[in-house]
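Taking it in order: structure first as structure tokens, then the write-up.
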Amino acid sequence: MIVESSFPYWGPLLFKSNIDKKQIEELKKLCVKNTSNNDNTVAHIEEQYNIDCLKYEKIIQPQLHCFEKVYFQYYQKSIKDLKITQAWVNFMKKGEFNPIHIHENCNLSSVVYLEVPNKIKEEFENFKGNSLGGPGSIEFFYGEQNEDVLSYRVYFPKKGDLFIFPKMLRHCVSPFKSNVIRVSVAANLIYKV
């Protein structure tokens, strides 16, 4: 007997990709501590600075093209004119965090990790708590939590990891205790259908 089955794509598209070493180095050059972005986010991160959207977009163009293809595969519709409207670097330190939130004035949000110190990874791996994530993790939440529903995803990010997701997908970043700095770039994107 051959049993066939299928299941529909359900919920928001959480896209995960990676950038290469060259892209990481190019992005680091954009991450200067000039114009503060602290008034525009809910993050409890002392050092957040705006970066040049157009230069950022140019550097991650291969991943944006890949996202467009995956978006079509997932939703069976194309997007056009995918553009980054705002980008900022986060220099996250010991005890800092980003509470559960969504993004406004965009269609999509994203984050890419440029530096993830090993001390944070060790802290995450040794964590003995009962929360969903652990130190330094990024967590995504959708819908109601239930034993038969996949309603959240937890990732411990690695250097070069890139996530793109709908603006309404709730997410947060857990604090860590190690005396190190993790560097990430967040960005908001718009598109036309």
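State which stretch of the chain is the longest one without any exposed GluC sites (Glu not before Pro), exposure meaning a DSSP loop state and at most 10 other Cβ atoms within 10 Å.
My reading of the result: 5-103 is the longest stretch.
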Mind sorting Phe97, Phe67 by how few other Cβ atoms lie within 10 Å of their own Cβ, fewest first? Phe97, Phe67
Could you tell me which of Val112, Met1, Leu13 has its Cα farthest along the dipole of the chain towards the positive end, charges placed at Cβ (Lys, Arg +1; Asp, Glu -1), taken about the Cα centre? Val112
Rounded to the nearest 20 debye, dipole of segment 141-193 from Cβ charges on Lys, Arg, Asp, Glu: 400 debye
Net charge near Ile138: determine it from the other residues with C-beta under 13 Å of the C-beta of Ile138, scoring Lys and Arg +1 and Asp and Glu -1. +3
Cα gyration tensor of segment 119-190, axes a ≥ b ≥ c as square roots of the eigenvalues: rounded (a/c below 1.5), prolate (a/b > b/c) or oblate? oblate
Give the share of C-alpha pairs in each 5 angstrom bin for the chain, from 0 to the last occupied bin, in whole percents, shortest bins first. 1, 7, 15, 20, 20, 16, 10, 6, 3, 1, 1, 0, 0, 0
Run lengths n ≥ 4 of DSSP H only: what is the helix-derived mean residue ellipticity at 222 nm for the chain, with -39500 (n - 2.57) per run over all residues, to the nearest 500? -6000 deg cm²/dmol
If we count other beta carbons within 10 Å of each Cβ, what is the order of Arg170, Arg182, Arg153, fewest first? Arg170, Arg153, Arg182
In this model, which of Lys21/Lys55; Lys22/Lys177; Lys22/Lys80; Lys128/Lys177; Lys119/Lys159 are farther than 19 Å apart at the alpha-carbon? Lys22/Lys177; Lys22/Lys80
Relative to the Cα centre, what is the charge dipole magnitude of segment 51-193, using +1 at the beta carbon of each Lys and Arg, -1 at the beta carbon of each Asp and Glu, and rounding to the nearest 20 debye? 380 debye
C-alpha center-to-center spacing [segment 152-193, segment 109-142] in angstrom: 10 Å
Could you tell me which residue out of Ile59, Ile164, His103 lies farthest along the dipole of segment 15-192 toward its positive end? Charges go on the beta carbon: Lys and Arg +1, Asp and Glu -1, centred on the Cα centre. Ile59
Out of every Cα pair in segment 60-118, what percent are spaced more than 15 Å from each other? 65 percent
With Cα springs under 10 Å, the Gaussian network model of the chain assigns the largest mean-square fluctuation among Cys172, Cys31, Cys66 to Cys66
For segment 177-193, what does the Karplus curve 6.51 cos²θ - 1.76 cosθ + 1.60, with θ = phi - 60°, yield as ³J(HN,Hα) per residue in whole Hz, taken in order and with x for Gly and Pro? 9, 5, 8, 9, 10, 9, 10, 9, 10, 9, 8, 10, 10, 10, 7, 10, 9
Going by amide H atoms built from the backbone, whose H comes under 5 Å of the H on Gln86, apart from near neighbours? Asn188
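No value in this document is a laboratory result; all are computed from the given coordinates. Here the structure is a predicted model, which is why all the values come from computation and not from measurement. When we count neighbours, we look across all protein chains shown, and the Cβ atoms used for this are built from the backbone with ideal geometry, even at glycine.
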